[in-house]
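Worksheet: the structure to be examined is printed underneath.
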Amino acid sequence: MNKIPMTGEGFSTLEAELKTLKTVERPAIIRAIEEARAHGDLSENAEYHAAKDRQGWIESRVLELEDKLRRAEVIDVSKLSGKKVVFGATVTVADEDTDKEATYQIVGQDESDIAKKRLSVSSPLARALLGKSVGDQAVVEAPGGSKSYEILKVAFK
């Protein structure tokens, strides 16, 4: 069973989504299916088919979330330290072509959000950064060619 790394915040977010699906979404879709059934002929009842599709999605997502939470390896970033880039680290890099700086936190796949500067641990950039230290160069193979970044800072918040 492969562990799924995530921060405590990411774990809490998945737990909250699971709770909402089980306590709010699931009962609501059951009511919607009952109402659609009351309208008669199910073969031509678009509301019924839409509700059943939604129910299938909800049940699938519940199973997926339960599996991820069961396999979660919650990493307390506040207890991490060091000079190397690891899961949970906040890394400041400089694009070696443009000297433009950017700061990202390396997080689990389900918590990634580039708008919030949260980079998935499985992304090409994060994979290139992992294990490197301040001053090291990370090379990322991008569709437009190789991109090089210099690691300027590694912090744990």
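Miscellaneous remarks
- Which listed residue is over 20 Å from Thr13 (Cβ atoms) and of a type in the set (S, T, N, Q), from Ser78, Ser133: Ser133
- Which listed residue, of Lys22, Lys52, is surrounded by 11 or more Cβ atoms within 10 Å (Cβ to Cβ) and farther than 30 Å from Ile75 by Cα: Lys52
- Subset of the stretch 6-55 (residues that are under 23 Å from the mean Cα position of the chain (by Cα) and not in a helix (DSSP H, G or I)): Met6, Thr7
- Where a residue in the stretch 60-75 is farther than 13 Å from Phe11 by Cα and buried (at least 16 other Cβ atoms within 10 Å of the Cβ) and its partner, wherever it lies, is at pLDDT 95 or above and among the aliphatic types (A, V, I, L, M), with Cβ under 6 Å and at least six apart: Val62/Leu21
- Screening the stretch 25-45 for residues that are among the hydrophobic types (A, V, I, L, M, F, W, C) and without any contact (Cβ under 8 Å) to a residue 12 or more places away in the chain and picking the one that is surrounded by the fewest Cβ atoms within 10 Å (Cβ to Cβ) gives Ala38.
- Subset of the stretch 88-117 that is buried (at least 19 other Cβ atoms within 10 Å of the Cβ) and without any contact (Cβ under 8 Å) to a residue 40 or more places away in the chain - its residue that is nearest to Leu152 (Cα to Cα): Tyr104
- Members of the stretch 77-87 found to be touching a strand residue (DSSP E or B) at 6+ places or on another chain (Cβ under 8 Å) and either farther than 19 Å from Gly135 by Cα or exposed (fewer than 14 other Cβ atoms within 10 Å of the Cβ) (or both), listed by number: Val77, Gly82, Lys83
- Test result for Lys153, surrounded by fewer than 19 Cβ atoms within 10 Å (Cβ to Cβ), touching a helix residue (DSSP H, G or I) at 6+ places or on another chain (Cβ under 8 Å) and either of a type in the set (Lys, Arg) or assigned by TED's automatic domain parsing to the domain that holds Lys68 (or both): no
- The residues in the stretch 118-149 that are assigned to a loop (DSSP other than H, G, I, E, B) and surrounded by 14 or more Cβ atoms within 10 Å (Cβ to Cβ) can be counted, and the count is 6.
The values are calculated or read from the model by the stated rules, or taken from the named source; none is laboratory data. Owing to the predicted nature of the structure, the values given are computational and were not obtained by experimental measurement. With ideal geometry, Cβ positions are generated from the backbone for all residues, glycine too; neighbour counts draw on all protein chains shown.
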